[in-house]
Every structure is written in structure tokens, then in C-alpha cells.
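Novice: One structure is given below, represented as C-alpha cells, and several questions about it will come after.
Laboratory data are not the source of any read-out in this text; all were calculated from the coordinates shown. Remember, predicted model here, so these are calculated numbers, not experimental data. Reconstructed Cβ throughout: ideal geometry from the backbone, glycine too, with neighbour counts over all protein chains shown.
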Amino acid sequence: MTATPKLAHVVFQTSDPGGMRDWYCSVLDGHVVFQNDSLCFITYDEEHHRIALLTPPVPLERKTPTTAAAHHTAFTFEHLDDLLARYEQLRDKGITPAVSIAHGVTTSMYYQDPDGNFVEMQIDNFADPDEATGYMNGPEYSADAVGPAFDPEELLTARRAGASVEELIHRSWALRSALPDPMLVLSGAA
């Protein structure tokens, strides 16, 4: 039997190391463990670094919607209230999601870093991976694998008013917002 690896860190090349450092420290509630002119290592948990920023000696062009590249990095919270608490913390610092999507399998908020990379903050909507897989193989997901956009302020207000997590993680709740197609934002077409 082979060993199963775990994800250790993500490295971004950037010409804006200060802006990227500050953004990731805010979004992940992290801190710098090492920094010099070409490298910056950030962590938010027991790992020595989860995000690394590499600053080459020549300026880089910003990623465009038509650049072949990684699309996003995702971070999972245990509970909807944790996701909403992070949303509030970031909103109060002026960092808001580019789009929030009720994927069905997850409830997700997508932020964009200073270089244009997406960072997904999410919760899993199923406690068991087999249930999530079953949902993804079902008719609702087959009809729309992305899901509808939702307004995070409406989600926060509904939760504070006593709406249950079970109610709020269903796509039917998000469909009430009738927001534009989230793929337009994620693809850079919006």
C-alpha cells in the first residue's frame, strides 16, 4: 500500500509581495514565519508554512482571465457560523467576496487576492464524503454543477434571525437572490 500525501503549502509568484503578504495574513488570520527580499512564508496552523510568496528579480505581469494557471485555492471551515464569522472579519477590513456560490456540495465564498488569484472559503455541506459524492452524481448537481450565487449579507442576516444551517446550505435558499451567473465572475467575464 502506498502512503497518502497531504497538501503542505501553495506558492505564488508575485511582484507585489507586501500586498499579497498582508492580504493572505488577513484572509487566513495567519502570520509571517520568514521573509526576505525574495521569499515570504505564512502559516495559520501547526504547519511551518501554508502559503509561500516568491518574488523574482524581474517584474511579473498580472494574471489575466485568459491565462492558463491554477484557478483557486480552497480552505474549509467546520461550521457555517465559522465561515460567516470569517466573512464578517474580512468585510470589516474591506475584503469582500468576488462571488459567493451555493454549490450544493459546499457553501462557498470566493475572494480575489491582489494578483487576481481566487481563494475559496467554504464549508462542506455533507458530513460524509460518500454522501457528497452521491449528491454530485444526482440530478440537481448534474443539471447545474456550479450552482447559484448568493448574497453573503443575506446569508448572515438569515442566520442571525434564526434560520437553521440545514435550511441555509440548500440551493433553494440561494435561488431566492436571483443573482447573475457566478461563472461570469469566476471566468473573468463579469
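Novice: Given the options VAL99, VAL119, VAL33, which has the most mean-square fluctuation in a GNM of the chain, springs set between C-alpha atoms less than 10 angstrom apart?
Specialist: VAL33
Novice: Now for a separate question. For the chain, calculate the relative contact order in percent as a whole number, restricting contacts to Cα pairs under 8 Å that are 6 or more residues apart.
Specialist: 17
Novice: For the range 80-94, in order, what is each residue's ³J(HN,Hα) by Karplus, 6.51 cos²θ - 1.76 cosθ + 1.60 with θ = phi - 60°, in whole Hz (x at glycine and Pro)?
Specialist: Coupling constants for the range 80-94: 4, 5, 5, 4, 5, 5, 5, 4, 4, 4, 6, 4, 5, 9, x Hz.
Novice: What does the net charge come to around ALA8 if you take all other residues with beta carbon closer than 9 Å to its beta carbon, with K and R at +1 and D and E at -1?
Specialist: That works out to +1.
Novice: Please list 3J(HN,Hα) in residue order for the range 70-76, calculated via the Karplus relation 6.51 cos²θ - 1.76 cosθ + 1.60 where θ = phi - 60°; whole Hz, with x for glycine and proline.
Specialist: Going residue by residue, I get 4, 8, 7, 10, 10, 10, 9 Hz, with x marking Gly and Pro.
Novice: Looking at the chain as a GNM with Cα springs under 10 Å, which of LEU156, LEU28, LEU175 has the largest mean-square fluctuation?
Specialist: Top of the fluctuation ranking is LEU175.
Novice: Run the numbers on the range 83-190 and let me know its relative contact order in percent, using alpha-carbon pairs under 8 Å that are six or more apart.
Specialist: 27
Novice: Oh, and also: Can you tell me how much longer the chain between SER38 and ARG160 gets when fully stretched, taken as 0.36 nm per residue apart minus their C-alpha distance, in nm with one decimal?
Specialist: 39.5 nm
Novice: Count the DSSP beta bridges whose two residues both fall in the chain, then state the antiparallel fraction as a percent rounded to the nearest 5.
Specialist: Antiparallel bridges: around 65 percent, rounded to the nearest 5.
Novice: For a label point 7 Å from the Cα of ARG91 along Cα→C-beta, name the residues of the range 161-190 whose backbone N is under 13 Å from it.
Specialist: In the range 161-190, the label zone of ARG91 (backbone N under 13 Å from the point 7 Å along Cα→Cβ) covers 161.
Novice: So if I place +1 on the C-beta of Lys and Arg and -1 on the C-beta of Asp and Glu, and nothing else carries charge, what would the dipole magnitude of the chain be about its Cα centre? I want it in debye, nearest 20.
Specialist: About 460 debye.
Novice: If contacts are Cα pairs under 8 angstrom and at least 6 residues apart, what is the relative contact order of the range 10-54 in percent?
Specialist: Computed over the range 10-54, the figure is 41 percent.
Novice: Which one, PRO129, ILE42, ALA102, is farthest towards the positive end of the dipole of the chain when Lys and Arg carry +1 and Asp and Glu -1 on their Cβ?
Specialist: Of the options given, the answer is ILE42.
Novice: Further, regarding this structure: What number, rounded to the nearest 500 deg cm²/dmol, is the helix-based mean residue ellipticity at 222 nm of the chain, given -39500 (n - 2.57) per DSSP H run of at least four residues and division by all its residues?
Specialist: Value at 222 nm, helices only, nearest 500: -8000 deg cm²/dmol.
Novice: Now a separate question. Which entry in (i) 24, 20, 16; (ii) 31, 26, 15; (iii) 30, 19, 18 is this structure's computed semi-axes √(5λ) of the Cα gyration tensor in Å?
Specialist: Entry (iii).
Novice: Test of understanding: what is the full-extension gain from ASP29 to THR73, defined as 0.36 nm times their sequence separation minus their Cα-Cα distance?
Specialist: The span from ASP29 to THR73 would gain 14.3 nm if fully extended.
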